[in-house]
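Trainee: Got a structure for you, written out below as structure tokens; questions coming shortly.
The values are calculated or read from the model by the stated rules, or taken from the named source; none is laboratory data. None of these values were measured; they are calculated from a predicted model. Cβ placement follows ideal geometry from the backbone for every residue including glycine, while neighbour counts extend to all protein chains displayed.
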Amino acid sequence: MAKEKTVRIHKENKVQLTMGDKIFTVINHIIWVLVLFIVLYPLYLIIISSVSDPYAVLNGDVVIVPIDFSLIGYERILHYTTLWRGYLMSIIYTVAATVLGIFLTMLAAYALSNKFPGKGIFNFMIIFTMFFNGGLIPTFLVMKDIGLYNNPLIMILMGAMSVWNTMIARTYMQTSIPRELYEAAEIDGSSHFQYFFKIVIPLSSTIMAVLSVYYAVGKWNDYFTALVYLRNQAFWPMQTVLQKILAALTMSAGDVAEMFQDNYTDVAETLRVSNVVKYCAIIVSTVPVTVLYLLMQQYFEKGVMIGSLKG
Amino acid sequence: MSNGTAVQSSTKKTKGQKLLQAIGRDWQLYIFILPAVVFYIVFHYLPLYGIQIAFKDYKAVQGITGSAWVGLKHFKTFFSSYLAKQLIVNTLAVNIFNLLWGFPLPVILSLLLNRLPSERFKKFNQTVIYIPHFVSTVVLAGMLYIFLDPNNGIVNKLIAFLGGTPQYFMAESKWFRTVFVASSIWQNTGWNTIIYIAALTGIDQEMYEAAKIDGATILQQIWYIDMPSIIPMAMMMLILNSGQVMAGNMQKTLLLQTSGNKGTSNTIGMYVYSMGLTQGQFSYTAAIGLFQNVVSFLMVITVNTISNKLSSISMF
């Protein structure tokens, strides 16, 4: 039915296009080609630079295709243990925080998708935090008081749950899981717990996929929490380590040699390679979330649409 | 389960009894919400309680509750300092500039996307424009330093090619806001179309059909069908983002600030971060942060009220 309808619309579309509409459509396409270029070119430039000869990159000659294909940056980055330790920490934090985030969000969203005495108070309590927070300094002092300063647990706990995601999940449950299912389950004598685990969770894979992308990306890309709360750099996630590497744009050759823990005597060589290492570090750090997004993409569209419709 | 049957058998009960029954029936829901409540108490309401240090002289030994009250001392110090005006102006300027671009562009982009005849091209574009959102702030800042390098960055190469003079984008105050806003546009415009595309997808196709039969052009369809359906969403976004005017993205500013661009990149958030965390002036910076939060909150309430009066669209 629906398909027939769209086919018909397309046919009429072709017949009825006026001159103005044609011009509009042409301009629209030109705009989109431009948009795609603006979005993709910077990313493309990073990729081709990461596999080009360091000299060519340093001179700014790499513009359209890689010049003198070289993997020296990637080879060098393999030896940079600080970054890989950060990588490992990031994986641990991201996986743990995402699991915790989905757990907290799904439970709360289920409660809020039902009617029960006091629901309004809980709703208010959660939404209020979106508009008013303690601010950086009071939060910092309170975290210090409860023993989360310089404690890697802060990376998992802080921001584990987001108001926005909770609202999306609640809307999803209200609109996508038929109320009759609950009524039937209630007649069968099943409790909220049984209903939640046997019916709601299996029917919520789409929204859980979306939540996992949201939470994982947020965690993976966070550099600031560690900068503020973790004095011990061994706990630092990759983004915080990366920030140090990228900030080293103008650092001395000695620093570079020390940072990469190698003993290359040729200072110029070290400097020149360290420049390409930056591009490689950007790629290595960005690939996991991008792949996650592309993998989840199919759920993503559906879930985001449903969740945000009444959001 | 026995609770469930008890509820059904009762018909005449007082209000209090009804409430107790409802609680009895749904007590499990309180367990569902409990972890979230604990989370918000620890990570949001305890820090709210910690705000009191803005009115105290915080000493680590005496702690948050034990430190001595000093009233509005820190607020007075801040507002009488020569820096206050510059910080407020810098904060407002970059964020208003950001909102002026960041608010309409996703609306325009989603209207244009909705008008692409090919479903496949539409889908492809949608996938692509979300990608920058997944780039971290650290990487974004790194890319900016690389591309805007005065000697061999691609942007200055292009400027030189076109006959212009290379610019020190990252090291001059006059460029900070442009760099900040332009990179935000790149990173967020695509992602922020999601909510509008969702609204546009919900439009009944028969409306377009009817409009076409009446001879409506594409622009007329956008104006009379698409726009009305996304205005409520746009208003919601405006209400939500209005609080950002005084807040802004400090984590990004921290990465883009250089000794050269401090004239415009020194915002309230940056000042709180550096004076508070690196110099340990906790109470003073907590007061500044509180001022910032209160203004943001009032902005949201005000815009919400205005929107409610004008269009009866409101958040709460």
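Trainee: For the range B:130-152: of the residues being modelled with pLDDT of 90 or more and outside any helix (DSSP H, G or I), which is farthest from the other protein chains (Cβ to nearest Cβ)?
Mentor: It comes out as B:Leu148.
Trainee: Among the residues of the range A:52-69, how many are touching a Gly at 6+ places or on another chain (Cβ under 8 Å) and crowded, with 20+ Cβ neighbours inside 10 Å?
Mentor: Here is the first cut: in the range A:52-69, the ones touching a Gly at 6+ places or on another chain (Cβ under 8 Å) are A:54, A:60.
Within this subset, residues satisfying the condition of being crowded, with 20+ Cβ neighbours inside 10 Å are A:54.
Number satisfying all stated conditions: 1.
Trainee: Is there a residue in the range A:170-182 that is aromatic (Phe, Trp, Tyr) and surrounded by fewer than 17 Cβ atoms within 10 Å (Cβ to Cβ)? Write out each step before concluding.
Mentor: So the first thing to find is which residues in the range A:170-182 are aromatic (Phe, Trp, Tyr), and the list is A:172, A:182.
Retained after the next criterion (residues that are surrounded by fewer than 17 Cβ atoms within 10 Å (Cβ to Cβ)): none.
The answer is no, given that none of the residues of the range A:170-182 is aromatic (Phe, Trp, Tyr) and surrounded by fewer than 17 Cβ atoms within 10 Å (Cβ to Cβ).
Trainee: Right, here's the next one. With a cut-off of at least 2 residues that are under 26 Å from B:Gln187 (Cα atoms) and without any contact (Cβ under 8 Å) to a residue 12 or more places away in the chain, name the helices (runs of 4 or more DSSP H) lying wholly within the range A:15-101.
Mentor: In the range A:15-101, A:19-50 are the helices (runs of 4 or more DSSP H) which contain 2 or more residues that are under 26 Å from B:Gln187 (Cα atoms) and without any contact (Cβ under 8 Å) to a residue 12 or more places away in the chain.
Trainee: Something else now. When the residues of the range B:203-221 are filtered to those that are facing chain A (nearest Cβ under 9 Å) and β-branched (Val, Ile, Thr), which remaining residue is surrounded by the fewest Cβ atoms within 10 Å (Cβ to Cβ)?
Mentor: B:Ile213
Trainee: Look through the range B:114-127, keep the residues that are touching a residue at least 40 places away in the same chain (Cβ under 8 Å) and in contact with a helix residue (DSSP H, G or I) (Cβ under 6 Å, 6 or more places away or on another chain), and return whichever of them is farthest from the other protein chains (Cβ to nearest Cβ). Give the steps one after another, and end with the answer.
Mentor: So in the range B:114-127, the residues touching a residue at least 40 places away in the same chain (Cβ under 8 Å) come out as B:114-115, B:126.
With the extra rule that they be in contact with a helix residue (DSSP H, G or I) (Cβ under 6 Å, 6 or more places away or on another chain), the set shrinks to B:114-115.
Values: B:Asn114: 10, B:Arg115: 6 Å.
In this case the residue turns out to be B:Asn114.
Trainee: Considering every residue within the range A:71-88, establish whether at least one is of a type in the set (Asp, Glu) and within 13 Å of another protein chain (Cβ to nearest Cβ).
Mentor: First, the residues of the range A:71-88 that are of a type in the set (Asp, Glu): A:75.
Next cut, within 13 Å of another protein chain (Cβ to nearest Cβ) only: none.
No, that holds for no residue.
Trainee: Are any residues in the range A:113-136 hydrophobic (A, V, I, L, M, F, W, C) and within 7 Å of another protein chain (Cβ to nearest Cβ), and if so, which ones?
Mentor: The answer is A:Phe116, A:Phe122, A:Met125, A:Ile126, A:Phe131, A:Phe132, A:Leu136.
Trainee: Between B:Met233, B:Met299, B:Met315, which is among the aliphatic types (A, V, I, L, M), in a loop (DSSP other than H, G, I, E, B) and in contact (Cβ under 8 Å) with a residue 24 or more places away in the chain?
Mentor: B:Met315
Trainee: Tell me which residues, restricted to the range A:133-159, are assigned to a loop (DSSP other than H, G, I, E, B) and surrounded by 23 or more Cβ atoms within 10 Å (Cβ to Cβ).
Mentor: Residues satisfying the conditions are A:Gly134, A:Gly135.
Trainee: If you don't mind, there's one more thing I want to ask. Consider B:Thr258 carefully, then state whether it is within 27 Å of B:Leu144 (Cβ to Cβ), within 12 Å of chain A (Cβ to nearest Cβ) and assigned to a loop (DSSP other than H, G, I, E, B).
Mentor: On the way: within 27 Å of B:Leu144 (Cβ to Cβ): yes; within 12 Å of chain A (Cβ to nearest Cβ): yes; assigned to a loop (DSSP other than H, G, I, E, B): yes.
Criteria met by B:Thr258.
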